[in-house]
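The values are calculated or read from the model by the stated rules, or taken from the named source; none is laboratory data. All values reported here derive from a predicted model rather than from experimental measurement. All Cβ positions, even for glycine, are placed from backbone atoms using ideal geometry, and neighbour counts span all protein chains on display. Only protein heavy atoms, including side chains, enter the accessible area calculation; ligands, DNA and RNA are left aside. Shrake-Rupley method; radii C 1.70, N 1.55, O 1.52, S 1.80 Å.
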Amino acid sequence: MISFANGRAVGYDDVGTGVPVLFLHGFPHNRSLWSPQLGALAVDARTIGMDLRGFGESELGDAGLAGSVDGYADDAAALLDALNVDKVVLAGLSMGGYAAFAFWRRHRHRVRALVLCDTRATADAEAARRARVEMQALAAEKGSIAVANQMIPGMVGKTTRLKNPELVDELHRMMSLAPADGVHAALDALMTRPDSTPTLATIDVPTLIIVGDEDVLTPVKDAQGMHLAIAGSRLEIIAGAGHVSNMERPAAFNHILSEFLVSLTAQ
Ligand code: MLT
């Protein structure tokens, strides 16, 4: 489906009824990243997956050319307005988690709970920023497929690489299809995102942190750091999953998330 946020088209899916959960994908994904959740969790929840600006069916638009996590957060809020949803459980994976921190800073009254998946609070260090600029040059010269080629080894864990090559192919295809201007803008957003470490102590809603034990991009120690800093948060480590734990071990991921959603309605 298509809605409009701040004048630009936004692609989204809206499935099920119950507590609204908004899912934000990582880089360079699109909302299909969440397909194992949207169908399965729709029994107890209203699951909403959106394409961040410049990905999938969401337009980048002029204002989005220099990407920022604040822009992603404001688009999410505008989509919720368009759908008449006041508060959500906000789930973000990796870059989606960075956007979730921005959403918390800018629209915290709309957050019922947070689900931080395979993400980190810290900003890019200098070397990481340089690597983002190099990736922008690579994308400009050779297209998104070159970005997908470079990123795919770290995107999944070793168990998935060994046992589920179809999933690796599916992810590679998704990443290769990312529009070049969306990729460029997202790399701007990634390298300019602020350090969210000071934000962690301000989070006072139920928070679930999920990480794959084979995640090499945002490893377990990052998740443990967030867990220590967010009062009352819950940490779940999924065995045999890497950076896209929701796709690599969907049943385990959905079980953890469903239990969390049930715990919210019981409160
Ligand atoms: C992602 O999956 O969103 C990226 O790996 C995030 C990053 O590169 O920092």
- Task: Kindly establish whether P165 is closer than 24 Å to K142 by Cβ and away from the ligand (no atom under 14 Å from the Cβ).
- Result: yes
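Mind listing whichever residues of the stretch 230-252 are assigned to a helix (DSSP H, G or I) and surrounded by 16 or more Cβ atoms within 10 Å (Cβ to Cβ)?
Filtering the stretch 230-252 down to residues assigned to a helix (DSSP H, G or I) leaves 245-248, 250-252.
Result: S245, N246, M247, E248, P250, A252.
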- Count of the stretch 108-160 residues which are in contact (Cβ under 8 Å) with a residue 60 or more places away in the chain, assigned to a helix (DSSP H, G or I) and surrounded by 16 or more Cβ atoms within 10 Å (Cβ to Cβ): 7
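I'd like to verify a number: residues in the stretch 184-215 that are part of a loop (DSSP other than H, G, I, E, B) and over 16 Å from the mean Cα position of the chain (by Cα), how many? Explain how you work it out, then say what you get.
Of the stretch 184-215, the ones part of a loop (DSSP other than H, G, I, E, B) are 193-196, 201-206, 213-215.
Within this subset, residues satisfying the condition of being over 16 Å from the mean Cα position of the chain (by Cα) are 194-195, 201-206, 213-214.
Adding up the residues that qualify gives 10.
Confirm whether R8 is away from the ligand (no atom under 16 Å from the Cβ), modelled with pLDDT under 95 and open to solvent by 10 Å² or more (accessible area, probe 1.4 Å).
yes
Among the candidates H255, H227, which residue alone is surrounded by fewer than 17 Cβ atoms within 10 Å (Cβ to Cβ), part of a helix (DSSP H, G or I) and more than 16 Å from the ligand (Cβ to nearest atom)?
On the way: H227 fails: surrounded by fewer than 17 Cβ atoms within 10 Å (Cβ to Cβ).
The conditions single out H255.
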- Task: Kindly establish whether D75 is in contact with a Leu (Cβ under 9 Å, 6 or more places away or on another chain), open to solvent by less than 10 Å² (accessible area, probe 1.4 Å) and not basic (K, R).
- Result: yes
- Message: For the stretch 20-52, give me the residue count where each residue is touching a residue at least 40 places away in the same chain (Cβ under 8 Å), open to solvent by 20 Å² or more (accessible area, probe 1.4 Å) and in a strand (DSSP E or B).
- Response: 1
